[in-house]
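Asks: One structure coming up, written as structure tokens, with questions to follow.
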Amino acid sequence: MPKIIKTIVVALSAAALAFALAGPASAHVTVSSNTTAPGAEATLTFKVPSESDTASTIGLTVNLPIRDPFTSVQTEATPGWAVQTYTSKLAKPLKDDDGNTISSAVTKVVWTATSGGIKPEQFGTFALSVGPLPTTGTLYLPAEQHYSDGTNVNWVQQAQGTAEPEHPAPSVVVTPAAAAATSSGESDDGTAIGLGVAGIVLALLAGAVGGAAFSRSRRRPAPAPRSGADLTHAGV
């Protein structure tokens, strides 16, 4: 096999491997926020893909903070889904923005499919309006995904060091920045990593092709010098 062909095969194989490794990371249950400002009211949007090849997602349970609870939680109407909130009594009452005493808070939200749910190879989104966001740090929102075959997947693990857990809990990093935060499951983003690796591979591939072409041009023999007779005939 010519060296340049071998280089192309190796490069394309590396790119395919990068995309294959990036795929599973984007299939986690994740959450994004329209703001990361401490103390702000935020819209949290959960993205829920069905990873099963045969079963549909028919339920989603999201657990909200208990130690630093939201004093305000509103659900969004989602066609094909029923939603129910559950409250817990607070050990220490809080005050809302209007000065009212809050002795209980919503700590769990459950969505249940009323029709077919989220079929394989599809995803659904579920939104909550909550507030206020905590002062700083990572806000973890453990979730449970329920499938039509009775399988439950618990997205509850927190990252330890740089290693990504197998079932990471959806999370939002709260900072003063105004940019929207993304979940750790999309630390996301496996696709971005795959595209980055593929870009590097393509750049190396282009360099290899260019180098091979340059090498061939250098090996090409130079034209023979013209003889005196040829110069005379040419009118020199």
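The values are calculated or read from the model by the stated rules, or taken from the named source; none is laboratory data. Given the structure is predicted, the values throughout are model-derived calculations rather than measurements. Quick reminder, even Gly has a Cβ in these numbers, built from the backbone with ideal geometry, and neighbours come from all protein chains shown.
Asks: Do the conditions hold for Pro69, that is, is it under 25 Å from the mean Cα position of the chain (by Cα) and not in a strand (DSSP E or B)?
Replies: For Pro69, the condition - under 25 Å from the mean Cα position of the chain (by Cα) and not in a strand (DSSP E or B) - is not met.
Asks: Give me a count of the residues in region 111-126 that are within 19 Å of the chain's Cα centre (by Cα), part of a strand (DSSP E or B) and more than 13 Å from Thr30 (Cβ to Cβ).
Replies: Residues meeting the conditions: 1.
Asks: With Gln74, Gln145 as the choices, which residue is touching a residue at least 12 places away in the same chain (Cβ under 8 Å), touching a Phe, Trp or Tyr at 6+ places or on another chain (Cβ under 9 Å) and in a strand (DSSP E or B)?
Replies: Gln145
Asks: Given the condition in a loop (DSSP other than H, G, I, E, B), of a type outside the set (Gly, Ala, Ser), touching a helix residue (DSSP H, G or I) at 6+ places or on another chain (Cβ under 9 Å) and at pLDDT 95 or above, answer yes or no: does some residue in region 23-39 qualify?
Replies: Yes, there is a match, as at least one residue in region 23-39 is in a loop (DSSP other than H, G, I, E, B), of a type outside the set (Gly, Ala, Ser), touching a helix residue (DSSP H, G or I) at 6+ places or on another chain (Cβ under 9 Å) and at pLDDT 95 or above.
Asks: Sticking with this structure for a sec: For region 50-84, which positions are over 14 Å from Thr125 (Cα atoms), out of contact with any Lys or Arg (no Cβ under 7 Å at 6 or more places or on another chain) and among the polar types (S, T, N, Q)?
Replies: Once the filter is applied, which keeps residues that are over 14 Å from Thr125 (Cα atoms), out of contact with any Lys or Arg (no Cβ under 7 Å at 6 or more places or on another chain) and among the polar types (S, T, N, Q), region 50-84 yields Ser52, Thr54, Thr71, Ser72, Gln74, Gln84.
Asks: Is it true that Gly207 is at pLDDT below 80, part of a helix (DSSP H, G or I) and in contact with a Phe, Trp or Tyr (Cβ under 6 Å, 6 or more places away or on another chain)?
Replies: So Gly207 does not fit the description; no.
Asks: Same structure again: Does Gly59 fit the bill of being at pLDDT 95 or above and under 29 Å from Val153 (Cβ atoms)?
Replies: Considered against the rule, which asks whether it is at pLDDT 95 or above and under 29 Å from Val153 (Cβ atoms), Gly59 comes out as yes.
Asks: Take the residues in region 72-110 that are under 24 Å from the mean Cα position of the chain (by Cα) and of a type in the set (A, V, I, L, M); name whichever of them is surrounded by the fewest Cβ atoms within 10 Å (Cβ to Cβ).
Replies: Out of the qualifying residues, it is Val110.
Asks: Which of (1) touching a residue at least 60 places away in the same chain (Cβ under 8 Å); (2) surrounded by 15 or more Cβ atoms within 10 Å (Cβ to Cβ) is the odd one out, the single condition Gly116 does not satisfy?
Replies: All conditions are met except number (2).
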